[in-house]
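Notes to accompany the following structure.
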Amino acid sequence: MADSDDMPLADPTEKDERSLPGGVISLMIIEALASAEQGLGVTQIARQLGMPKARVHRHLSGLREHGYVTQQTPGNQYRIGWRLYLLGQRFTRQFDIVSLARPAMESLRDSTGQTVVLATFAEGEVVVLNLLRGHTALEIALRPGTRFQVNSVAQGKVALAFGPADLLETVLSQPLQASTPRTIVDPDRLRSEIELVRRRGWADGPEEVFTGVNALAAPLFQAGDRFFGTVALVGSIHYLPVKPLQEHVEKLLLASRQISALLGQQQG
């Protein structure tokens, strides 16, 4: 009978694996989960780390109890939890990604006149990290920490296109919520939109989260082409029309490449 990923197993070699401190093993497990595009089971983690399943399971149980990892069904796979997300945000502030991105954001803002928004993706939502207000008469009222559903904003479409491999199917398996009458809530239409975003490398969302407001968003990548988040132009539909201006798209993509390079992505 096959053993379950959710059950601890006795392993006669476990006593030989105790040279590493427990804290280090927990960090190795966290690193394995953070590097995975989707959830991992006990067997997968144990094989990757070369450790007994029983020991890995024991560490996972402690991490889950304290919110550092979560366990999802089906498959009883583990993912990074809410406490690690918050910890990661603190590390982000210390690393000061916002400051690294600011020159490129300022250049984009000054050359287009539009509000520029830096966002990341966490726990299934788009999270605003920072914004530079534009020079137009319409002020976009966003603040760091604002969250959006992925189907309702251009940034969310970028996350669906370039983020975790299983994210789109997870989102499509649940009812899609509407923010405005123009929000995409039809699964087939959303799937088609995400394919378009993958092909062209950017997304838009005319009046899909706020009436009268449009956004153009491009992906940001870290070292190893790992998806980090988005940089976006946000403004009135008057200044960012339904049919995007090629000038806006080109300047947005330039800013995304510049910021991604600062985050460690190797530029081709």
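The values are calculated or read from the model by the stated rules, or taken from the named source; none is laboratory data. The shown structure was predicted, so the numbers you read here are calculated from the model rather than taken from an experiment. Don't worry about glycine lacking a Cβ; one is built from the backbone with ideal geometry, like all the others, and counts go over all protein chains shown.
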request  = Taking the options LEU138, LEU131, LEU167, name whichever one is surrounded by 13 or more Cβ atoms within 10 Å (Cβ to Cβ) and more than 27 Å from GLY224 (Cα to Cα).
outcome  = LEU138
request  = Look at ALA178 and say whether it is more than 17 Å from VAL126 (Cα to Cα) and among the hydrophobic types (A, V, I, L, M, F, W, C).
outcome  = no
query = Within region 128-139, is there a residue that is at pLDDT below 90, within 29 Å of LEU176 (Cβ to Cβ), assigned by TED's automatic domain parsing to the domain that holds THR180 and of a type in the set (Gly, Ala, Ser)?
reply = no
task = Check whether at least one residue in region 7-25 is crowded, with 17+ Cβ neighbours inside 10 Å and either in the same structural domain as SER173 (by TED's automatic domain parsing) or at pLDDT 85 or above (or both), and report yes or no.
result = yes
request  = Among the candidates LEU176, LEU168, single out the residue that is within 15 Å of the chain's Cα centre (by Cα), more than 16 Å from ALA232 (Cβ to Cβ) and among the aliphatic types (A, V, I, L, M).
outcome  = LEU168
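Each row is one residue, and each column tells you yes or no for (1) of a type outside the set (Lys, Arg); (2) assigned by TED's automatic domain parsing to the domain that holds VAL209; (3) touching a residue at least 24 places away in the same chain (Cβ under 8 Å).
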| residue | (1), (2), (3) |
| --- | --- |
| ARG109 | no, yes, yes |
| GLY113 | yes, yes, yes |
| THR120 | yes, yes, yes |
| ARG147 | no, yes, no |
| VAL150 | yes, yes, yes |
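Just name the residue that is nearest to the chain's Cα centre (by Cα) out of those in region 211-240 that are in a loop (DSSP other than H, G, I, E, B) and not small (Gly, Ala, Ser).
ARG226
Filter region 35-51 down to the residues that are among the small types (Gly, Ala, Ser) and under 18 Å from GLY124 (Cβ atoms), then identify the one that is modelled with the lowest pLDDT. Talk me through it step by step, then tell me what you get.
Applying the first criterion (among the small types (Gly, Ala, Ser)) to region 35-51 yields 35-36, 39, 41, 46, 50.
Okay, now just the ones that are also under 18 Å from GLY124 (Cβ atoms), so 36, 39.
On the way: ALA36: 79, GLY39: 83.
Ranking the qualifying residues of region 35-51, first place goes to ALA36.
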ask   = Out of (1) exposed (fewer than 14 other Cβ atoms within 10 Å of the Cβ); (2) modelled with pLDDT of 95 or more, the odd one out for ILE194 is which?
value = (1)
query = Of the residues GLN258, GLN246, which single one is assigned by TED's automatic domain parsing to the domain that holds VAL150 and farther than 20 Å from LEU131 by Cα?
reply = GLN246
ask   = Going by the structure shown, is LEU142 assigned by TED's automatic domain parsing to the domain that holds VAL158, hydrophobic (A, V, I, L, M, F, W, C) and within 21 Å of VAL158 (Cβ to Cβ)?
value = yes
message = Among the numbered criteria (1) more than 22 Å from GLU125 (Cα to Cα); (2) without any contact (Cβ under 8 Å) to a residue 60 or more places away in the chain; (3) among the basic types (Lys, Arg); (4) not in a loop (DSSP other than H, G, I, E, B), which one does LYS243 miss?
response = (4)
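Out of THR230, THR183, THR211, report the one residue that is assigned by TED's automatic domain parsing to the domain that holds ALA119, in contact (Cβ under 8 Å) with a residue 40 or more places away in the chain and either surrounded by fewer than 21 Cβ atoms within 10 Å (Cβ to Cβ) or under 21 Å from TYR85 (Cβ atoms) (or both).
On the way: THR183 fails: in contact (Cβ under 8 Å) with a residue 40 or more places away in the chain; THR211 fails: in contact (Cβ under 8 Å) with a residue 40 or more places away in the chain.
After ruling out the rest, the residue left standing is THR230.
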